[in-house]
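Here the structure comes first, spelled out in structure tokens, and everything after it is commentary.
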Amino acid sequence: MEVIIRPDADAAAETALEFVRRLYEKKADPVLGLATGKTPLKLYARLRASGLDFSGTHFFNLDELVGLPDGDPKSFRRFLRDNLLDGLGIQEDRVRLLRGDAPDLEREASDYESAIKEAGGIDLQILGLGRNGHIGFNEPGSSLGSRTRPKTLDRETLADYGPGTPRFSITMGIGTILEARLLLMIATGEGKAEAVRRIAEGPLTSETPGSALQLHPRAHLVVDEAAASRLARADYWRWVWDNKWRVGQ
Ligand code: F6R
């Protein structure tokens, strides 16, 4: 895993955008995996203004809350439409977002896995990080080999997502996420500092699902100074960034 420490959340979003731009330089029709949540909003605003051509892009998303119909303001589909997809010039038949209101969630999960395979696999998966170390809605204790499936949310996650959040989700598994060719995690703010320390410097363990990034050959963790504040080896990562070739080189 490479940790990239940027001065603040805007600079972190700029660096994340640079990764996406590099991907489009190599591939006009990539497969992107999206995350919901507050963290990627600055990146999504930049993608909307980027001038990149998204018409060939296949989109998938990490997770969805169970039971919410299309258009529900708390649904992740709505969030991604409002904050990224609408106005991006996408082709609807290339967008496959998880449905938390599917009548058979197990079936939805296996169909989703098949759809990712049919699209050729995910080129770049955007990830956020829960304060408890979750990725997608793979809460602590999730199998590191897990596939897309329904999952019960942790109490801490429910509190973070606010009143009225359904207790159940459907989420890509950790095994599913690890198959993406490039992982791009963004974590910003002091509230994420301990989780960042655990995934970057702690042991690989299902108790910290994000530590699974340690297994991936191309995992990038872009953080701001606040989120990096508990890293023992922060100086090393700054040194790496100052001295190495830039993104994609
Ligand atoms: C959302 C997701 C979650 C979030 C995480 C952080 O699709 O997969 O793992 O990335 O809960 O959320 P924020 O960014 O709101 O702090």
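Key figures
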| quantity | calculated |
| --- | --- |
| Output for the range 88-140, where each listed residue is closer than 30 Å to LEU204 by Cβ, more than 15 Å from the ligand (Cβ to nearest atom) and more than 16 Å from the chain's Cα centre (by Cα) | LEU105, GLU106, GLU108, ALA109, SER110, GLU113, SER114, ALA115, LYS117, ALA119, GLY120 |
| Failed criterion for GLU64 (all others in (1) assigned to a helix (DSSP H, G or I); (2) within 16 Å of the ligand (Cβ to nearest atom) hold) | (1) |
| Qualifying residue in the range 173-187 (condition: surrounded by fewer than 23 Cβ atoms within 10 Å (Cβ to Cβ), within 13 Å of the ligand (Cβ to nearest atom) and over 12 Å from SER143 (Cα atoms)) | no |
| Any hit, the range 16-24, residues being within 16 Å of the ligand (Cβ to nearest atom) and crowded, with 18+ Cβ neighbours inside 10 Å | yes |
| Residue list for the range 38-61, restricted to those being hydroxyl-bearing (Ser, Thr, Tyr) and within 16 Å of the ligand (Cβ to nearest atom) | THR39, TYR44 |
| Candidates THR165, THR157, THR152, filtered to the one that is surrounded by fewer than 22 Cβ atoms within 10 Å (Cβ to Cβ), over 18 Å from the mean Cα position of the chain (by Cα) and within 12 Å of the ligand (Cβ to nearest atom) | THR165 |
| Evaluation of ASN243 against (1) under 26 Å from LYS117 (Cβ atoms); (2) without any contact (Cβ under 8 Å) to a residue 24 or more places away in the chain (one fails), failing number | (1) |
| Strands (runs of 3 or more DSSP E) enclosed by the range 115-185 - at least 1 residues per element that are aliphatic (A, V, I, L, M) | 124-127, 168-171 |
| All positions within the range 37-61 that are of a type in the set (Val, Ile, Thr) and either free of Cβ contacts under 8 Å to residues at least 60 places away in the same chain or in a strand (DSSP E or B) (or both) | THR57 |
| Conditions (1) at pLDDT 95 or above; (2) surrounded by fewer than 18 Cβ atoms within 10 Å (Cβ to Cβ); (3) more than 20 Å from ASN138 (Cβ to Cβ): number failed by GLY89 | (1) |
| Residue check for THR171: in contact with an Asp or Glu (Cβ under 6 Å, 6 or more places away or on another chain), closer than 21 Å to LYS42 by Cα and at pLDDT 95 or above | no |
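The values are calculated or read from the model by the stated rules, or taken from the named source; none is laboratory data. Quantities reported herein were computed from a predicted structural model and do not represent experimental measurements. All Cβ positions, even for glycine, are placed from backbone atoms using ideal geometry, and neighbour counts span all protein chains on display.
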